[in-house]
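To keep things clear, I will list the structure first and then write my remarks on it.
The values are calculated or read from the model by the stated rules, or taken from the named source; none is laboratory data. None of these values were measured; they are calculated from a predicted model. Don't worry about glycine lacking a Cβ; one is built from the backbone with ideal geometry, like all the others, and counts go over all protein chains shown.
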Amino acid sequence: MFEPSEKPRIFGVSPGVDFPQALIDGLRHKLAGQPPEAIARVDLIVNTRRMARRLREIFDAGPAGFLPNIRLLGDLETLVPGLTLPPATPALRRRLELIQLVSQLIATDPTIAPRASLYALSDSLASLIDEMQGEGVSPDDIAKLDVTDQSGHWERAKQFLGIATKYLNGMDAAPDAQARQRKLTQMIVAHWQEHPPQNPVIVAGSTGSRGTTSLLMQAVARLPQGALILPGYDFAMPLSQWPVLSGKTPPEDHPQYRFHDLMQQLNIDPPIESWAPTPPPSAARNALISLSLRPAPVTDTWLSEGPDLKDIDLATQNITLVEAATPREEALSIAMRLRKAVEDGQKAALITPDRMLTRQVTAALDRWNILPDDSAGTPLHLSPPGRFLRHVSALFLRKLDAEALLVLLKHPLTHSGEGRNQHQLNTQLLEMRIRREGLPYPDAEGLIRVGTLAAGKIENRESHTAFMAWIAWVGETFCGHPISSEQSLSDWVAAHLALAERIAAGQPGEDKHELWQKKAGRKARETVDALAEHAEHGGEMSAADYNDLVGALLSAEEVRDRDAPHPGVMIWGTLEARVQGADLVIMGGLNDGAWPEAPSPDPWLNRKMRLDSGMLLPERRIGLSAHDYQQAIAAPEVWLTRAIRSEEAETVPSRWLNRLENLLNGLPEGQGKTALKDMRERGQYWTGQVQAIEAFTRVDPAPRPSPRPPVSARPHALSVTEIKRLIRDPYAIYAKHTLRLRPIDPLVQSPDAPVRGIIVHKIMELFIKSVREDPSRLTRDHLIEITREVLSNDVPWPAARLMWQARVERIADWFVKNEQHRQSFATPMLFEEAAKGVHEFKDLGFRLKGFADRIDRTEFGDVLIYDYKTGNPPSAKEQKFFDKQLLLEAAMIEEGGFENVGVATVANAVFIGLGSSPKEVSAPLDDEPPATVLAGLHSLIETYLSAQQGFTARRLVKTEDAAGDYDQLARFGEWDGTTPATPEDLA
């Protein structure tokens, strides 16, 4: 295939050339005139599965013939017959072992690192071990580093590196994948030195950026029929510039640095031979991009070589620069161009490392029913089985709350066998009852209680029985799983699997369920089975550690479970730029931090330590990203897109885009500025299209509502507490009583003011009743005892219990002292359930009803009314105009409206404030006598029973920021308190 040569063979393929196609074209050209079976003797080693798949697709397209032996760099098992090694230690086993070692170290010295960083440190340490093996760096090389550490960081880091040393020293007995790959490569190289193969061996598509790969490539290049084919080799770079890539501190961030370093290792100087005669789509563009990416300092080469650039207009005529105002505009612009590519029959690819952008573009394409072929797939932990397994593992970690229960009950994989439809109906019925009755922390007993209330609405006896059986299954299956003690990983995995399958199977308990179905389910099963297989190496762990481990393992896997993606619309990562064969390439998210990605922090070695030890420098990743950029931008048609502003701040253009713009702006005779202007104008056309498609007709804001329903539909009965709402927010009364709308209670109840009020009322009622039975109980200790009992029985929130207990303890002395005074002249007579009153305005057909918290009677027959407030009681002035609760109750008593009280004189009516500053506020009975109060109420009700009176929204609210239950219905926000009301007659 190749002519004999003393020099190692290296070939290159220009940026922008379809690399797989050029690779095959070159093979066929080199083998021209040889028998058809000659190509079957070629060992072709490529770097990615996608590359191998694309090569096979091209061969399958014809003409008919033999295939070369296509292998992957990571799979060299049969490259040399008979040369192999035992299987590598599974990566999961190594990860579990490292977690164990790091956990023991943190347990021994908790100051070395927080427990929450266990998995991050373990993964980072595993990455360091991989890198050391890949680059051939021994623990001794790290130990010899000369470090002057003033902060003590190196001493702490050395404790973790000791784990790496211990682990690496045991690699000979049980090597992991990286160690095995390097050892196998060394064995292959040693064998070739003694017995070089005579058949062609070609490594294609790799840059040799890792030590083990570089070792193999150097050996292949020296074989009698060996060759390297480099992707994206810059033939436009002058020979005088290649030596600049050498030096004491090499510019590893340059896209061609890896090729230069490889040639230095092989003692080869540029130029190298082109592999195939295929020309790049635009040689002028390649020259322009090459100059823009020159190693720093670049000013002199720009000044000297810039004037010699030719055909700038041709170089940029197929480049579009989209500078969108926002990420949304950028995503929509890309989606619209991809849609046009589909219409025109173009093969288009979006290349970006920004996964948020790819999700936005995918969502935008859904508008036109276009599903792109996303090479990255979906992270397993975000797939339905992944989410389900994480929800189930959380049951071991914390007490079950209503939200967690409903999330699992509604999950599509829960009860995914027989009876799924009935399960969904039962879940809806249970949810509405939980919202109404309140069940913050469901248990089996609470679910039976709430379920019995819900079943009361089911008339069919058989359905009633079936629903209660389902409730029992929910209680038995979902409740009581938190485990506070540590267990072995094997026990955790077994319990997790058993519970997950039990929930997925549903009430029938059969094996027919969807948990392990489809690609995502099968991938999840593989992950869990692998964890079970290696669980013995995980040791003991807590529920929190196990939950974190499951989440980390699932998030590390990806699944591609898409239905018929469009064959002409692809989403690629930057690495796949070298596999490109697209007519249109869109390079998205060209901002610093994305192109290139910011180097991840290294908790172990700084840059100098990496350089001294022979490890990879942070610039390596930037250089690889620059190489991907140089290849992608050389495609036949290219879009360069970025968002000028993100959600938080203005963005910074990618350094390579910035260089290109600066170079074009500095070219003589304004030709570069004109080209850049044209690139921007082409992009502005598409952002204009986005603005057009996003344009909307602004509508006038909603008016401030003041509905006037028919008199027959207006409320003819209200409680005393609703009179304040009628005065302040009449629209809320209309929504509640005329429209009969009720706000849905939150699923997860919180210990808010209404709940606190109910609890405090119960505490005071029980306390006063017990004191009435035995006056000696009127003590602080007895009040605290009752408080503790009520809170333990009725308040499921531990933090709220402690807080409310402390609040009652703060006011206990004040309340007991005042209660002693109150009972010195009156005796508690009635409490809320029995203190029920009614007053009718027969001429209006209206009934006023209400309950008093507490009614006392003096020895002279007078009555005192008390109402407990957990917040600040309303002032006398506020009661006079708005909060008329006590005034109305007093008037009702004096009119004989309370049957259990009779007609009596109200001596006083008092709000007892039990807030942080306890106080008593009396109602202004002298200023507002009963007759005046009832006359005012009669006038108010008569007004609102008039057809001309509207129920104005937020008529006299106390503060503008006070939230109402029906503000959204009234579309508050489109108007404010200064907006005039708009009456509307309703039929």
Take the residues of the stretch 783-828 that are in contact with a Phe, Trp or Tyr (Cβ under 7 Å, 6 or more places away or on another chain) and in a helix (DSSP H, G or I): which is farthest from residue 860 (Cα to Cα)?
791
Condition first: touching a Ser or Thr at 6+ places or on another chain (Cβ under 9 Å), of a type outside the set (A, V, I, L, M, F, W, C), crowded, with 21+ Cβ neighbours inside 10 Å and modelled with pLDDT under 85. Can you find one or more residues in the stretch 176-190 that meet it?
yes
Is it the case, given these coordinates, that residue 766 is assigned to a helix (DSSP H, G or I), surrounded by 18 or more Cβ atoms within 10 Å (Cβ to Cβ) and under 49 Å from the mean Cα position of the chain (by Cα)?
no
I need every pair where a residue in the stretch 806-833 that is in contact (Cβ under 8 Å) with a residue 12 or more places away in the chain and within 15 Å of residue 765 (Cα to Cα) has its Cβ under 6 Å from the Cβ of a residue that is of a type in the set (A, V, I, L, M) and surrounded by 18 or more Cβ atoms within 10 Å (Cβ to Cβ), sequence separation at least 6 or different chains.
812/783; 828/768; 829/855; 830/855
Among the numbered criteria (1) more than 53 Å from the chain's Cα centre (by Cα); (2) surrounded by fewer than 16 Cβ atoms within 10 Å (Cβ to Cβ); (3) part of a helix (DSSP H, G or I), which one does residue 893 miss?
(2)
Hey, does the stretch 409-422 have a residue that's touching a Cys at 6+ places or on another chain (Cβ under 9 Å) and closer than 20 Å to residue 514 by Cα?
no
What are the residue pairs meeting all of these: first residue in the stretch 464-478, first residue crowded, with 20+ Cβ neighbours inside 10 Å, second residue small (Gly, Ala, Ser) and assigned to a helix (DSSP H, G or I), Cβ atoms under 6 Å, and 6 or more apart or on different chains?
467/455; 471/451
Determine the pairs where a residue that is touching a residue at least 24 places away in the same chain (Cβ under 8 Å), located within the stretch 1-28, has a partner that is among the small types (Gly, Ala, Ser) and part of a helix (DSSP H, G or I) with Cβ atoms under 7 Å apart, the partner being 6 or more residues away or on another chain.
8/221; 9/221; 10/221; 13/22
Restricting attention to the stretch 951-966, which residues are under 19 Å from residue 744 (Cβ atoms) and either among the small types (Gly, Ala, Ser) or crowded, with 17+ Cβ neighbours inside 10 Å (or both)?
963, 964, 966
List pairs: first in the stretch 225-251 and more than 17 Å from residue 626 (Cβ to Cβ), second at pLDDT below 90, Cβ under 7 Å, 6+ apart or cross-chain?
225/1; 225/2; 227/2; 239/270; 239/271
Residues of the stretch 46-76 classified as closer than 16 Å to residue 182 by Cβ and touching a residue at least 60 places away in the same chain (Cβ under 8 Å), total
3
Tell me, please, whether a residue that is in contact with a Ser or Thr (Cβ under 8 Å, 6 or more places away or on another chain), in contact (Cβ under 8 Å) with a residue 60 or more places away in the chain and in a strand (DSSP E or B) can be found in the stretch 325-339.
no
Of everything in the stretch 18-41, what is in a loop (DSSP other than H, G, I, E, B) and either under 21 Å from residue 635 (Cα atoms) or touching a Gly at 6+ places or on another chain (Cβ under 8 Å) (or both)? Give them in sequence order.
18
Of all residues in the stretch 125-142, how many are part of a helix (DSSP H, G or I), over 29 Å from the mean Cα position of the chain (by Cα) and polar (S, T, N, Q)?
1
Within the stretch 246-286, restricting attention to residues that are basic (Lys, Arg) and part of a helix (DSSP H, G or I), which residue is surrounded by the fewest Cβ atoms within 10 Å (Cβ to Cβ)?
258
Filtered residue count, the stretch 937-971, keeping only those that are touching a helix residue (DSSP H, G or I) at 6+ places or on another chain (Cβ under 9 Å) and either of a type in the set (A, V, I, L, M, F, W, C) or not in a loop (DSSP other than H, G, I, E, B) (or both):
13
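A quick yes/no check of all residues on (1) in the same structural domain as residue 594 (by TED's automatic domain parsing); (2) exposed (fewer than 13 other Cβ atoms within 10 Å of the Cβ); (3) polar (S, T, N, Q):
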| residue | (1), (2), (3) |
| --- | --- |
| 647 | yes, yes, no |
| 655 | yes, no, no |
| 658 | yes, no, yes |
| 661 | yes, no, no |
| 667 | yes, no, no |
| 674 | yes, no, yes |
| 679 | yes, no, no |
| 686 | yes, no, no |
Please work out if residue 535 is more than 26 Å from the chain's Cα centre (by Cα), at negative phi and buried (at least 16 other Cβ atoms within 10 Å of the Cβ).
yes
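Check the stretch 67-90 and report whether any residue there is of a type in the set (Lys, Arg) and modelled with pLDDT of 80 or more. Lay out the reasoning, then the answer.
Just the residues of the stretch 67-90 that are of a type in the set (Lys, Arg), to begin with: 71.
From what is left, the residues that are modelled with pLDDT of 80 or more are 71.
For the stretch 67-90, residues of a type in the set (Lys, Arg) and modelled with pLDDT of 80 or more: present.
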Select the strands (runs of 3 or more DSSP E) contained entirely in the stretch 552-661, then report the ones holding at least 2 residues which are within 24 Å of the chain's Cα centre (by Cα) and in contact (Cβ under 8 Å) with a residue 12 or more places away in the chain.
569-572, 637-643
With the requirement that a residue be under 36 Å from the mean Cα position of the chain (by Cα), surrounded by 13 or more Cβ atoms within 10 Å (Cβ to Cβ) and part of a loop (DSSP other than H, G, I, E, B), what does the stretch 688-722 give you?
702
Scan the stretch 287-302 for residues that are outside any helix (DSSP H, G or I) and at pLDDT below 90 and report the count.
5
Within the stretch 5-20, which residues are of a type in the set (A, V, I, L, M) and either in contact with a Phe, Trp or Tyr (Cβ under 8 Å, 6 or more places away or on another chain) or crowded, with 24+ Cβ neighbours inside 10 Å (or both)?
13, 17
Among the residues of the stretch 599-618, the number that are among the small types (Gly, Ala, Ser) and buried (at least 16 other Cβ atoms within 10 Å of the Cβ) is 1
Are any residues in the stretch 763-811 of a type in the set (A, V, I, L, M, F, W, C) and more than 28 Å from residue 440 (Cα to Cα), and if so, which ones?
768, 771, 778
Identify the single condition in (1) part of a helix (DSSP H, G or I); (2) buried (at least 20 other Cβ atoms within 10 Å of the Cβ) that residue 44 does not satisfy, given that it satisfies every other one.
(1)
Any residue in the stretch 87-100 that's basic (Lys, Arg): show its pairings with residues that are at pLDDT 85 or above at Cβ separation under 8 Å, as long as the two are six or more apart or on different chains.
93/534; 93/537
